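Notes to accompany the following structure.
Only the coordinates and a few stated rules stand behind these numbers; no lab work does. As the structure is a computational prediction, the values presented were derived from the model and not from experiment. FYI the Cβ positions are ideal-geometry reconstructions off the backbone, even for glycines, and counts take in every protein chain you see.
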Amino acid sequence: MSAPVPVIDEILTLSPSLKLLPVTAAENIVDDISSFWVDRKQLSTLMQVLRFDLPQPFDMCFDLTAIDESERRFKAGHVGDFTVSYHLRSYERNLDVRIKVSLCASDKNIASVCRYWPNANWYEREVWDMFGIVFEGHPHLSRILMPDTWQGHPLLKTHPARATEMDSFTLPPYQQDIEQQALQFNPEAWGMKRRDKDNDFMFLNLGPNHPSVHGAFRIVLQMDGEEIVDCVPDIGYHHRGAEKMGERQSWHSYIPYTDRIDYLGGVMNNFPYVMAVEKLAGIQVPDRAKVIRIMTAEMFRILSHLLFYGTFVQDVGALSPIFYMFVDREKLFGIVEAFTGARMHPSWFRIGGVAHDLPKGWDTLVRDYVNYLPKRLDQYEKMVMQNSLLKRRSVDVGAYSTEEAIEWGITGPGLRATGFSWDMRKQRPYGGYDQFDFEVPLGHKGDCYDRCRVRVEEMRQSIRIIEQCLNNMPEGPYKAEHPQTTPPDKSRTMTDIDTLIPHFVNVSWGPVIPAGEVSTFVEATKGIMGYHLISDGNTMSYRTRIRTPSFPHLQMLPVISQGQMVADLIATLGSIDYVMADVDR
């Protein structure tokens, strides 16, 4: 779809020399994001206008990725070998734009946009790492997810997708020495000094195997005594090629892989993926399925926030609360297991609805929990939030402003803790959330304490939403009857050839989804999570892009850690509430 005329008019008024080519209907972008092409020579001029010159600027670089177009059948004539795609957001306008730049394989160079949005730094490094596209003017263009010794760029279509397509792995002694050498940190490469006129700095490795970094995550700290001068977050230890896997799994069989992104978010991970496929295929989800999805998604919001609550308090020195909160999680996992047959990774959402209907007696289970949890949260208010130890360790620690949060791509509770009221469920309702009554909890300082407080209050609002689902659950089917995504009833497959054949084709090869491009997003447990899918009219995705909240959140660590003690950094890390699988994918 083309960009709204007012936005184009504003841009061209400020910079008449720009030539913008709106994305045409033939390119079949089926979401509501304004999209247009620009020549790479004019990219910097356009970004200057969008970021600084417009009266209501596009102040967040929400996502930045690329597509290898070399094997794509359904694409516009002007599309080259590669496309670099910028997803920008204006909070004042409540509007997103998608800017596309075409590149040829023989000249994969494009200007960096880090001077407009500092959080573009990691996104550009990721695109270079995965596709080999060079961003001229980038402050430190290096590997970010793959090891420095890796050969090739994994998201190229020519790069193997399976281990069976590669030579057998060996690690002879000489290669071990090379790998160990590559892990050594070189401060000068990152613009750091080993000493100044007064001090010799110490460089401290925190992680990648340390309980306080909550996963395989390394932070190299530059220390002046006990004070942090600077730090370099080092990610990628948990990278599993989740986007590459999306290019070799059918639309259905990829659903379990989504569970493993934010592995504490359960069906919340399924939500944006299945909505994206549904948009591509034009599938309407039944009302009952919508309400079931919202109810179970909010259950996983509570499960995730309870784990955050307990581990954050544990990080700052209180051990008892996490044991109580695990009891609450176990009770809720029991309900999830009764619904889905699984616990943490149910992979329960389906394209068009959910896997099966709610079991008999589901309402009694849910009502008992709705009545149970608020009383427990009241107890934790005294035990945790009013605890003087927690307050001393978290109030005014790791604080940032709304402007800084937007500049660095922070979403979710981390953004709302600064006092900025922006929740996808309210500002851009999806999946039926516009039918529910709930509040958006806010902080005011943007510190560790506020980030905890916001999540605590979000659990109360989730209970409120679940209770509305409980009291207003519609009748009807739990899944759309759509031939491309819902196989016929399996009970008839052995007696009806017209059922057997479609069932076999859908299960073994997967449905054929119409060619097109779409982005969908949800307010997930840790911020805004989304999927950008491209279908080439096949049984699997041509390009699967996963936009996760934790990736930009960790990029902000050097900004908020400067001047802290190491103990303050531990509290800050806990308050961010990240999952390394969500970062590395």
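Annotations
- Exposure proxy shown here: for R195, R460, R218, the number of other Cβ atoms within 10 Å sets the order, fewest to most, as R195, R460, R218.
- Candidates per GluC sites (Glu not before Pro) in segment 1-103, loop by DSSP, up to 15 other Cβ within 10 Å: E71, E92
- Scalar couplings 3J(HN,Hα) for segment 32-40, obtained by applying the Karplus form with A = 6.51, B = -1.76, C = 1.60 to θ = phi - 60°, are 9, 8, 4, 9, 7, 9, 9, 5, 4 Hz; x denotes Gly and Pro.
- For segment 166-318: span of alpha carbons on each principal axis (Å, largest first): 68, 49, 25
- Summing Lys and Arg as +1 and Asp and Glu as -1 over all other residues whose Cβ lies under 11 Å from the Cβ of K157 gives a net charge of -2.
- Dividing the Cα radius of gyration of segment 507-558 by 2.2 N^0.38 Å, with N the residue count, gives 1.48.
- Rounded to whole Hz, the Karplus (6.51, -1.76, 1.60) HN-Hα couplings of segment 545-552, x for glycine and proline: 10, 10, 9, 10, x, 5, 4, x
- Calculated from backbone phi, Karplus (6.51, -1.76, 1.60) coupling profile of segment 380-391 in Hz, x at Gly/Pro: 5, 4, 6, 6, 10, 5, 9, 6, 5, 4, 4, 5
- DSSP beta bridges in segment 5-159 [antiparallel fraction, %, rounded to 5]: 75 percent
- Likely footprinting exposure, M494, M146, M202, M130, fewest C-beta neighbours within 10 Å first: M494, M202, M146, M130
- Ordering Y369, T402, G225 by Cα displacement along the dipole of the chain toward the positive end leaves Y369 in first place; charges were set at the Cβ atoms of Lys, Arg (+1) and Asp, Glu (-1).
- Cα-Cα pairs of the chain separated by more than 37 Å (percent): 35 percent
- Here each label is just a point 7 Å from Cα along the line to Cβ, and for R195 and M383 those points are 5.2 nm apart.
- In this label model, R492 and F323 are separated by 5.6 nm, measuring between points 7 Å along each Cα→Cβ vector.
- Taking each of K100/K244; K75/K290; K279/K360; K360/K426; K193/K391; K360/K479 in turn, the alpha-carbon distance tops 24 angstrom for K75/K290; K279/K360; K360/K426; K193/K391.
- DSSP beta bridges confined to the chain are antiparallel in about 85 percent of cases.
- Set of aspartates and glutamates with alpha-carbon distance to K445 below 12 Å, sequence-local pairs under 8 removed: D396
- 5 angstrom amide H check on N538, placed H, neighbours 5+ away: I513
- Here the calculated FRET efficiency for K391 and A567, from their Cβ-Cβ distance with R0 = 22 Å, stands at 0.90, rounded to the nearest 0.05.
- Long-range amide H partners of G215 with built H, under 5 Å: H210
- Annotation: amide H-H contacts under 5 Å for W37 (H modelled 1.01 Å from N, sequence separation of 5 or more, or interchain): L21, V23, K100.
- Cα pair distances of segment 367-480 binned at 5 Å [whole percent]: 2, 11, 17, 18, 17, 15, 10, 6, 3, 1, 0
- Which of P173, P154, I546, positive extreme of dipole for the chain (C-beta unit charges): I546
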